[in-house]
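Notes follow the structure.
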Amino acid sequence: MKLFLNAAIKAVCGFVLVALLIFLPAGTFNFANGWLLIGILFIPMVLLGVALLFKAPELLQKRLDTREMEAAQQAVVAVSAIGFIGGFITAGIDFRFGWSDVPDFAVIAAAVVFVFGYAMYAEVMRENAYLSRTVKVEHEQKVVDTGLYGIVRHPMYAATLFMFLSMPIVLGSLYSFAVFLHYPIVIVVRIISEEKLLTEKLKGYKDYKKKVKYRLIPFVW
């Protein structure tokens, strides 16, 4: 029950925060793209949360823990949060003043990409029981090298790239997309820092890096 309440409170707070960041700058609730994003963002989130609550409560607890211990990762999270807030606000303002003209087919395509990213995200969590939201190495943690982890070393971050870079297009804002371009930079910095920790503290990770050469995008990096 405690875990359920914790998850429910965070979900509701997240919903309210995103809604405020989108609709207040837009000056109206009559923002269809905003409701579309909220729908594809929170409906899968709730379904995934319920599934984890019953099938993998320990993993759900890890995903709810967002307290970074290292100063470098705290800075990365802070920069990322500021960027997301700015991106949502920009999308609302863009809608209010009609700056962007994103065609409907692009919005639909972006929504499909977002859902694909969410499905990929869920698959990563199914494959890796050690997947926390913070950078750390757990006692008796083992290297996962199958499934998506056999393609790139950080498939969760790859999934979030699909999700977060498609969000501003779902919102119909090219200006918001420009703001969200901070995210790949944040992810690269986070991966470099995380791999340093994993290489030092996670047994077998050095060999895993030799086996799977690409960190984020196959044949690119």
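Here are a few things to note about the model shown:
- Enumeration of residues in region 1-45 that are under 20 Å from residue 112 (Cβ atoms) and exposed (fewer than 15 other Cβ atoms within 10 Å of the Cβ): 32, 35, 39, 43
- Under the condition of being in a helix (DSSP H, G or I) and of a type in the set (Phe, Trp, Tyr), the residues counted in region 22-52 number 3.
- Qualifying residue in region 83-98 (condition: loosely packed, with under 13 Cβ neighbours inside 10 Å and either at pLDDT below 95 or in contact with a Phe, Trp or Tyr (Cβ under 7 Å, 6 or more places away or on another chain) (or both)): no
- Residue within region 194-216 that is at pLDDT 95 or above and of a type in the set (Phe, Trp, Tyr) present: yes
- Per-region count, region 76-113, residues in contact with a helix residue (DSSP H, G or I) (Cβ under 8 Å, 6 or more places away or on another chain) and either farther than 17 Å from residue 165 by Cβ or of a type in the set (Val, Ile, Thr) (or both): 13
- Matching residues, region 203-221, being over 21 Å from the mean Cα position of the chain (by Cα) and of a type in the set (Phe, Trp, Tyr): 205, 208, 219
- Residue tally, condition surrounded by fewer than 18 Cβ atoms within 10 Å (Cβ to Cβ), of a type in the set (A, V, I, L, M, F, W, C) and modelled with pLDDT of 80 or more, over region 121-143: 1
- All positions within region 201-218 that are assigned to a loop (DSSP other than H, G, I, E, B) and within 21 Å of residue 187 (Cα to Cα): 202, 212, 213, 214, 215, 216, 217, 218
- The residues of region 163-195 that are of a type in the set (Val, Ile, Thr) and closer than 23 Å to residue 221 by Cα, listed by number, are 179, 185, 186, 187, 188, 189, 191, 192.
- Count of region 157-207 residues which are buried (at least 17 other Cβ atoms within 10 Å of the Cβ) and either over 25 Å from residue 115 (Cα atoms) or in contact with a strand residue (DSSP E or B) (Cβ under 7 Å, 6 or more places away or on another chain) (or both): 5
The values are calculated or read from the model by the stated rules, or taken from the named source; none is laboratory data. Just so it is clear, the structure is predicted and the values come from calculations on it, not from any experiment. Reconstructed Cβ throughout: ideal geometry from the backbone, glycine too, with neighbour counts over all protein chains shown.
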